[in-house]
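We did not get these values from a lab; they are worked out from the coordinates using the rules stated. Just so we're clear, the structure is a prediction, and the values are computed from it rather than from any experiment. For neighbour counting, all protein chains shown are included, and Cβ atoms are generated from backbone atoms with ideal geometry for every residue, glycine included.
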Amino acid sequence: MESILYYFETIPSSHRSIILIGGIAFFWCIEYATPLFGFSYKKFKHAIPNIFFTVTTIIINFVLAFILFQTSDWTIANSFGVLQWLSLPLWATILLGVALLDLIGAWLAHYAQHKIKRLWMFHLIHHTDNYVDTTTANRHHPGESFIRFIFTTLAVFIVGTPIDIIMLYQSLSVILSQFNHANISLPKQVDRVISWIIVSPDMHKVHHHHMLPYTDTNYGNIFSIWDRIFRTYSKLPNQDLVYGVDTYPEVNSNTTILKLLKLPFTKYRLPINTKVNSKFF
């Protein structure tokens, strides 16, 4: 176990990028073999804006990585944070560290982006892809990448996370995000079983349905437990899924990168089902 952690602590940024690229390539191939939906789209053309935003996400996280390192070093040096206050076996420290980073750095960040309209406008372009596949996983506006980085840093500060656990968490986050966005069809029983532990493809696809209340459910990234605990879990048969955002029907997978970059600065549109989403502020 210690050797695994050492690997993730010392793995260079270039290798972590290989994990991301390798994950996309792997799930891309699986999508050809067993697709959930038989999209009538040009797969490579569809991937162009998503790959662009993947690159901007990598750049932003690479440039700001020193903040994560310094935050982690400070918590260790000052014995601050949940993991520093508890005396746990190594395996429990790893599990709790990854779980809490997932809760604060991913689930809470995602929840906030749906509940605060200024943040939603940056998150919006992730939902405007009407051909959700593995490349959609990192379809994040640069502004959203920065917002998510703030939440991740906050999580590291609160949890008191060592660098090796941060690297492990980020690697799992990348792979599982590509997995649960992938346009793949798993046997229903398999998907159902794994959804009790991690976010499965069927579970996350509900979040990409174009209408409320489903858009505001299933926020999880790695672990599915958070949506069950906070009662944001929902189901929807795959045949009823419609990807996109009903309030922005003109923004979709064919929208240019420039227009997507400008989208957060356009006028906010109230959800059609305002009763369901009255908690926006």
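Of all helices (runs of 4 or more DSSP H) completely enclosed by the stretch 69-146, which ones contain at least 3 residues that are more than 22 Å from residue 56 (Cα to Cα) and among the aromatic types (Phe, Trp, Tyr)?
So the answer is none; nothing clears 3.
Mind checking whether some residue in the stretch 183-206 is buried (at least 19 other Cβ atoms within 10 Å of the Cβ), under 21 Å from residue 56 (Cα atoms) and out of contact with any Gly (no Cβ under 6 Å at 6 or more places or on another chain)?
no
So which residues in the stretch 169-186 are assigned to a helix (DSSP H, G or I) and of a type in the set (Val, Ile, Thr)?
Of everything in the stretch 169-186, those that are assigned to a helix (DSSP H, G or I) and of a type in the set (Val, Ile, Thr) turn out to be 174, 175.
Could you grab me the full set of residues in the stretch 187-209 that are free of Cβ contacts under 8 Å to residues at least 60 places away in the same chain and part of a loop (DSSP other than H, G, I, E, B)?
187, 195, 196, 197, 199, 200 - these are the residues of the stretch 187-209 that are free of Cβ contacts under 8 Å to residues at least 60 places away in the same chain and part of a loop (DSSP other than H, G, I, E, B).
For residues in the stretch 236-256 being farther than 19 Å from residue 50 by Cα and of a type in the set (S, T, N, Q), which is surrounded by the fewest Cβ atoms within 10 Å (Cβ to Cβ)?
Taking the candidates together, the pick is 239.
So, in the stretch 186-220, how many residues would count as being farther than 20 Å from residue 139 by Cβ and in contact with an Asp or Glu (Cβ under 9 Å, 6 or more places away or on another chain)?
6
Name the residue that is nearest to the chain's Cα centre (by Cα), counting only residues in the stretch 213-235 that are surrounded by fewer than 19 Cβ atoms within 10 Å (Cβ to Cβ) and in a loop (DSSP other than H, G, I, E, B).
By that ranking, first place goes to 233.
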